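The values are calculated or read from the model by the stated rules, or taken from the named source; none is laboratory data. These numbers come from a predicted model, not from an experiment. Glycine gets a Cβ as well: all are built from the backbone with ideal geometry, and neighbour counts include every protein chain shown.
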Amino acid sequence: MSQPASLRFFPSSIHANAKRLLIGKALRSIADGYVSILLPAYLLKLGLSAFQVGAVTTATLVGSAVLTIFTGVITARFGHRRPFIAASGLMIATGLAFGSLRSFWPLMLVAFIGTLNPSSGDVSIFLPLDHSLLSQSVADRDRTTLFARYSLAASLLGAVGTLLAGLPELATGGLGVTPLLAMQAMFWLYALIGASAAVVYRRIAEPPPAPASARQALGPSRGIVHRLAMLFSVDAFGGGFFVQAILALWLFKRFDLSIAAAATLFFWTNLLTAASYLAAAPIARRLGLIRTMVYTHLPSSLCLIAIPFVSNVAAAVSLLLVRSLLSQMDVPTRSSYVMAVVTPSERAAAAGITSVPRSLAAAISPTISGYLLSISSFGSPLLIGGLLKIVYDLTLLIMFRHVRPPEEATP
């Protein structure tokens, strides 16, 4: 007896490539989960200031943005499998180098060149590569469901990864390892996870190439992609004020939270985010992609704005948990929307072009946040970020509520 479509984890039209991409994403999410928490603690342990922590965070995002600019050209020339393997090699080198260096400027250079992710979402070259190949690995009717499953896997394994951030404290207390060495070992583990991802990506099968005439970086969809990229950059600029590494830094400074406590908190926020992904596709089928993005995002931004004004950690944690249940439903719907409103041959370029401004915009804010937190523990970065996200939500609804993907078109 066949399983009902609503109970299947994978849509019926899925290609084997999509399963490999989800496995690779899950592995990377484990690494990103603990690195985003350990990164500020590790840098502070090395003697860097809050401003320098923000600067290193900015370098990771700027470097990722520069690399993703060339995604469309790279996939047109080399396909998908080789870029995935090369990016995995870069992940290995990043982990080894970051776990060995101690000075600010060498760390800045590795952060810029490498694949470190200071946020709970993906910002590296892996993201547009994933989106481009995922959209070619499923039927249009199942595209949003597949992107929701992709995000779900990322959040669940990211939650597991956050718990690993507590390992250095356990090793320090139980094995007598120095705190610095214990943290460095976690970056070496990051390199090992990169090697595991490379093994998975070696099995990717290249889809049939698009006709030579259709391999232009971006063609008929240029206008809508550029407008979306502009709006997404506003959202990302707001989000950059409180990427997970900066949020952890604020919790360390404001409430003197331990790494283990922060790891537990982010474990639950990731689980709630994962639960929200299960609801994203059904809600999108009922409301449409744009309305789902906006109507779930606005309440989460209001929670964010309230957090700086609470005086105890329990209230702050409660608001963060509520926000996590709502804030990320726009991730799979946004990805699906971009892939839906462009032609198939433009998908890799569209994924790159909408990702680059996001990464560049998000890269500016952490340095500002680091400076703000260096002069006050008040959560002004959260307040600023929440207000910018509300501006993004309302503008997106006004500009794109009538631009519908094919599956929402009126018969």
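With respect to being surrounded by fewer than 24 Cβ atoms within 10 Å (Cβ to Cβ) and touching a helix residue (DSSP H, G or I) at 6+ places or on another chain (Cβ under 8 Å), Ser135 falls outside the description.
It is to be established whether one or more residues within the range 362-385 are farther than 29 Å from Ala248 by Cα, part of a helix (DSSP H, G or I) and touching a helix residue (DSSP H, G or I) at 6+ places or on another chain (Cβ under 7 Å). Among the residues of the range 362-385, not one is farther than 29 Å from Ala248 by Cα, part of a helix (DSSP H, G or I) and touching a helix residue (DSSP H, G or I) at 6+ places or on another chain (Cβ under 7 Å), which makes the answer no. Residues that are in contact with an Asp or Glu (Cβ under 9 Å, 6 or more places away or on another chain) and within 15 Å of Thr144 (Cβ to Cβ) within the range 340-365 comprise just one, Ala340.
If you check Val338, Val294, Val322, which single one turns out to be of a type in the set (A, V, I, L, M, F, W, C), touching a Cys at 6+ places or on another chain (Cβ under 7 Å) and either outside any loop (DSSP other than H, G, I, E, B) or free of Cβ contacts under 8 Å to residues at least 60 places away in the same chain (or both)? None of the others qualify; the one that does is Val322. Reported count of residues in the range 274-290, each being over 9 Å from Met329 (Cβ atoms) and either touching an Asp or Glu at 6+ places or on another chain (Cβ under 8 Å) or buried (at least 18 other Cβ atoms within 10 Å of the Cβ) (or both), is 5. Within the range 288-295, is there a residue that is of a type in the set (Phe, Trp, Tyr) and either under 18 Å from the mean Cα position of the chain (by Cα) or more than 28 Å from Ala139 (Cα to Cα) (or both)? There is no residue in the range 288-295 that is of a type in the set (Phe, Trp, Tyr) and either under 18 Å from the mean Cα position of the chain (by Cα) or more than 28 Å from Ala139 (Cα to Cα) (or both).
Being hydroxyl-bearing (Ser, Thr, Tyr) and either assigned to a loop (DSSP other than H, G, I, E, B) or modelled with pLDDT of 90 or more (or both) is the filter here; which residues of the range 37-57 pass it? Steps first, please.
Within the range 37-57, the first condition is being hydroxyl-bearing (Ser, Thr, Tyr), and the residues that meet it are 42, 49, 57.
Answer for the range 37-57, where residues must be hydroxyl-bearing (Ser, Thr, Tyr) and either assigned to a loop (DSSP other than H, G, I, E, B) or modelled with pLDDT of 90 or more (or both): Tyr42, Ser49.
For a quick check of your reading: which helices (runs of 4 or more DSSP H) sit entirely within the range 119-200 and have at least 2 residues that are within 17 Å of the chain's Cα centre (by Cα)? Reasoning before the result, please.
Details: elements: 126-135, 143-164, 167-174.
Counting at least 2 such residues, we get 126-135, 143-164.
State which residue is surrounded by the fewest Cβ atoms within 10 Å (Cβ to Cβ) when the search covers only the range 243-273 and only residues that are in a helix (DSSP H, G or I) and in contact with an Asp or Glu (Cβ under 8 Å, 6 or more places away or on another chain).
In the first step, residues of the range 243-273 are kept if they are in a helix (DSSP H, G or I); the result is 244-255, 259-273.
The next check asks that each one be in contact with an Asp or Glu (Cβ under 8 Å, 6 or more places away or on another chain); those that pass are 259-260.
Working: Ile259: 22, Ala260: 16.
Looking at residues that are in a helix (DSSP H, G or I) and in contact with an Asp or Glu (Cβ under 8 Å, 6 or more places away or on another chain), I get Ala260.
Residue count for the range 297-308, restricted to those that are over 21 Å from the mean Cα position of the chain (by Cα) and without any contact (Cβ under 8 Å) to a residue 60 or more places away in the chain: 1.
Of everything listed in (1) under 12 Å from the mean Cα position of the chain (by Cα); (2) in a helix (DSSP H, G or I), the single unmet condition for Trp105 is (1). Within the range 377-391, residues that are among the aliphatic types (A, V, I, L, M) have Cβ atoms under 8 Å from residues that are outside any helix (DSSP H, G or I) in these pairs: Leu382/Phe241; Leu382/Phe242; Ile384/Phe241; Leu388/Phe241, counting only partners at least 6 apart in sequence or on another chain. Looking at this structure, is Leu302 out of contact with any Leu (no Cβ under 8 Å at 6 or more places or on another chain), part of a helix (DSSP H, G or I) and surrounded by fewer than 23 Cβ atoms within 10 Å (Cβ to Cβ)? When the stated conditions are applied, Leu302 passes them.
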